Amino acid sequence: MTWTRSKNWYNLIRCAGSSSKGEGEGGSFGIGKNAPFAASLLRTVLYTTFNTDEEHVFQGVATLASHRHPAGGTLQPTGFLGEPNGASVRSFENIPAIFRRLRHGTDVIVLGFPDSYNWHNDLLYSVLDNFWPAIYYGDLEVKVGDMQVSKNNLQNLLETFIPMEGFTAHQFYKAFTNPTHEYSECLTCLKEVSLRIIAGDPELPKRIAMVRKTGMKIFEKHFRSIVPFCGVFMCRNDIGNKLLREMEPPRHDAWDPDHPEKGANRRIESEYVNFIRECIRKLSQPDDAKVISVPDLSRFLPDDDETPEESFDLNLSGTSSTPSAPEVIKGRKIERDKMSMQEDHMSPSDGDQETQEWSYGSMENSPKGNSTSDDRSEGAGSRSGSNNAADSSASHGGENSKPAIKIRYRTFVRDSTSGEYRVTVTPLEQPSKEVELSISAVGDDQKLLPK
């Protein structure tokens, strides 16, 4: 029988960086076939096959290092075991009985495999983590030692590895076989795709396993969501599989939008990412709960002068209610030209001593008396906790009161249990006379007057 260089056997044995695989197959760079040499302490691998042309072929390959021959010249690093001149053994009788295949397929025998203590579990871990979709579809069966991995025992083996650190394949398998949410759509470029998600368990990793036609998990992609979830994105149609295959680097561990050249496949990446995000967004149900403002919360939060104070809505029944306006402070109308000329001998009445729940940035520069007027100036420190000074033109008090002076003040909660507060007041200018300060506190249900 004759054979040509175009056959898969030649690419496997002789070529480096060459692949003859079709569009629907796995690798595309021709370098994955070198992986068995990395697992051989002797850097030697044997190949034997029984192909669909009913040919039996055997060949051994050793990849060592080039070196000089004692007789002269340099020897190449690659050696071949087989017929003379490095040819493959193509006679069934000349192939050692141990390497003869009776069914169609190919064996790859690694010589000098490092027999580590836990190599069985390490290999099973890798197979289950990366190839569980192919095993589930029946496209792959793996035998590790005496353990046969197939679709029939896949779920049991996945559950066995749950205690292993970092193992998450069982979660993706559960999302694929028993999803709580399932979506499918025909995208513009990738055509038919599907997404299966399981949500609700706090232990779920918020990741999507990306899989195409081969059944190998290419990579896991993280997505943000309030609801814990994990899922499997699957693209098994020929058109989409070809496009995604072209986006994979030699390691086949990502879909790179800049491969094979920068920006070549950004449209495809945006297409499947937007599809997944939209599906994940549907996991979060709209929250119809009413937002309730908490009274006095501003005492414990940083002050922001640019944020307007909002009224507190304590109506829990769902109906809107408008808070009543602050209580008007009674006072006397005075003429401005008398304010700086006469002393204040007026004693405030009981009603005049009440002050509203506003903090002023000024104090009365007067030897005695403490009247108030409707003419109030809120100033820059109008909210509790402010460190700003009030407008210097602010004037409060009754008839003949002196102009107010600028102050800086702050309120602190000293004992939240007893409701005890501490107020620190600092004048920003030296008063010409004694200063009188009157403070009242307003609670949720009553007003406390100074003692």
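The values are calculated or read from the model by the stated rules, or taken from the named source; none is laboratory data. Remember, it's a predicted structure, so these values are computed and weren't measured experimentally. For neighbour counting, all protein chains shown are included, and Cβ atoms are generated from backbone atoms with ideal geometry for every residue, glycine included. With ligands, DNA and RNA removed, areas are computed over all heavy atoms of the protein, side chains included. Shrake-Rupley method; radii C 1.70, N 1.55, O 1.52, S 1.80 Å.
So if R0 is 25 Å, what FRET efficiency would N118 and D253 give, r being the distance between their Cβ atoms, rounded to the nearest 0.05?
Working: r = 24 Å, r/R0 = 0.95.
Efficiency computed from Cβ-Cβ geometry: 0.55.
Counting only protein heavy atoms and using a 1.4 Å probe, what share of the accessible area of the range 149-263 belongs to carbon plus sulfur, as a whole percent?
Reported share for carbon and sulfur atoms: 47 percent.
Calculate the dipole size of the range 155-222 relative to its Cα centre from +1 charges on Lys and Arg beta carbons and -1 charges on Asp and Glu beta carbons; express the result in debye to the nearest 20.
On the way: 9 positive and 8 negative charges, 64 e Å.
Using only the charged Cβ atoms, the result is roughly 300 debye.
Name the long-range amide H neighbours of V144: under 5 Å, sequence gap of 5 or more, or other chain; modelled H, no Pro or chain starts.
V149
Taking 0.36 nm per residue of sequence separation and subtracting the Cα-Cα distance, how much length would be gained by fully extending the chain between V227 and N130, in nm to one decimal? Please list the in-between numbers first.
Values: separation 97, 0.36 × 97 = 34.92 nm, distance 2.56 nm.
Full extension from V227 to N130 adds 32.4 nm.
Would you mind checking the pairs K7/K151; K7/K33; K206/K262; K151/K282; K221/K282 and listing those with alpha carbons more than 24 angstrom apart? List each step's numbers first, then the result.
Numbers: K7/K151 31 Å; K7/K33 15 Å; K206/K262 29 Å; K151/K282 32 Å; K221/K282 18 Å.
In this structure, K7/K151; K206/K262; K151/K282 lie more than 24 Å apart at Cα.
Please list 213-226, 82-95 highest first by mean number of surrounding beta-carbon atoms within 10 Å per residue.
213-226, 82-95
Rounded to the nearest Å, what's the spacing between the alpha carbon centres of the range 152-225 and the range 70-140? Just the number, please.
With the range 152-225 and the range 70-140 each reduced to a Cα centre, they are spaced 31 Å.
May I ask you to work out the translational diffusion coefficient for the range 150-247 at 20 °C, viscosity 1.002 mPa s, via Stokes-Einstein with Rh from the Kirkwood sum over Cα pairs, reported in whole µm²/s?
Numbers: Rh = 14.3 Å.
After rounding, the answer is 150 µm²/s.
At a Förster radius of 30 Å, what calculated FRET efficiency corresponds to the Cβ-Cβ distance of T106 and H69, to the nearest 0.05? Walk me through the numbers before you get to the answer.
Details: r = 33 Å, r/R0 = 1.11.
Efficiency at R0 = 30 Å is approximately 0.35.
Pop the C-beta distance of Q155 and E83 into the FRET formula with R0 = 41 Å and round what comes out to the nearest 0.05. All intermediate terms of the calculation are to be shown ahead of the outcome.
Details: r = 47 Å, r/R0 = 1.14.
In this case the efficiency is close to 0.30.
Rank these residues by their accessible area, most exposed first, probe 1.4 Å: C230, C186, C15.
On the way: C230 0, C186 85, C15 35 Å².
Descending accessible area places them as C186, C15, C230.
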